[in-house]
Amino acid sequence: MGEAKYKGQRLKAENFMSIEHVSRSGKVYYLQGQPGKGGKPNYFFSTDASGPGVDIVPDGFEIHENIAGQVFLRRIPKKLRQRATIS
């Protein structure tokens, strides 16, 4: 497997425990991330586990699968966040 830079260190890709999501069709997707142009991280799902894996879902985000079967990370809708804090 390849290597990935993480906080200035070179680590082998197999050292990452990335988030896995199995879609309705049975495909396994891995949450990956990399720094964007503005310095903020960009998160995406891939069927290839060799990229820079992410081991936690960022605060305020959730894994979502739409009707077409696309898997992506989205912000938790405000209504759901408010219900969670009330209960």
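The values are calculated or read from the model by the stated rules, or taken from the named source; none is laboratory data. Here the structure is a predicted model, which is why all the values come from computation and not from measurement. Ideal geometry is used to build each Cβ from the backbone, glycine not excepted, and the neighbour counts take in all protein chains shown.
For segment 34-53, how many residues are outside any loop (DSSP other than H, G, I, E, B) and modelled with pLDDT under 85? The total comes to 1. Residues that are β-branched (Val, Ile, Thr) and part of a strand (DSSP E or B) within segment 69-82 comprise just one, Val71.
Residue by residue, here is whether (1) aliphatic (A, V, I, L, M); (2) at pLDDT 85 or above; (3) part of a loop (DSSP other than H, G, I, E, B) holds:
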{"residue": "Met17", "(1), (2), (3)": "yes, no, yes"}
{"residue": "His21", "(1), (2), (3)": "no, yes, no"}
{"residue": "Ser25", "(1), (2), (3)": "no, yes, yes"}
{"residue": "Asp55", "(1), (2), (3)": "no, no, yes"}
{"residue": "Ile67", "(1), (2), (3)": "yes, yes, yes"}
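Put simply, of Leu11, Leu31 the only residue that is surrounded by 13 or more Cβ atoms within 10 Å (Cβ to Cβ), part of a strand (DSSP E or B) and modelled with pLDDT under 80 is Leu11.
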